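The values are calculated or read from the model by the stated rules, or taken from the named source; none is laboratory data. The structure presented is a predicted model; accordingly, all values stated were derived computationally and were not measured. Backbone-built Cβ (ideal geometry, glycine too); neighbour counts: all protein chains shown. Quick note on the areas: whole protein, heavy atoms, side chains included, nothing else; ligands and nucleic acids left out. Shrake-Rupley method; radii C 1.70, N 1.55, O 1.52, S 1.80 Å.
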Amino acid sequence: MLVTHDLDTMVALSKRVAVLADKRVLVAAPVEEACAVDHPFIREYFLGRRGRRALQALPPERRAKLPPAALEDAPIAVNK
């Protein structure tokens, strides 16, 4: 078991994740299934720009199982 809030570490090392919010476990499933759960915290965490960038590191066979919102472009912001 690993406890982390770091998306890159989670995606690289985890087959399954548990998402805790609202004082309960919202989902315990593979990350590609967890990010499809319709909950505000999950949408913000996994489907925000940072989450979408981290999910791009999944292998193609797992990325294919992601919801469409997770596959939207998540460019890296460059400060000028």
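Under a 5 Å amide H cut-off, with hydrogens placed 1.01 Å from N, residue 26 pairs with 19, 20, 21 among residues at least 5 apart or on other chains. What's the Kirkwood radius of the chain in Å, using all Cα pairs? Averaging 1/r across every pair of different Cα atoms and inverting gives 12.9 Å. Spacing of the modelled spin labels on residue 63 and residue 4, each 7 Å from Cα toward Cβ, amounts to 1.9 nm.
Tally up the carbon and sulfur contribution to the accessible surface of the chain as a whole percent, 1.4 Å probe, everything protein left in place. On the chain, the fraction of accessible area on carbon and sulfur atoms equals 56 percent.
Rounded to the nearest 500, the 222 nm mean residue ellipticity of the chain from helices alone is -8500 deg cm²/dmol, with -39,500 (n - 2.57) taken per DSSP H run of at least 4 residues. Heavy-atom accessible area with a 1.4 Å probe sorts 15, 23, largest first, into 23, 15.
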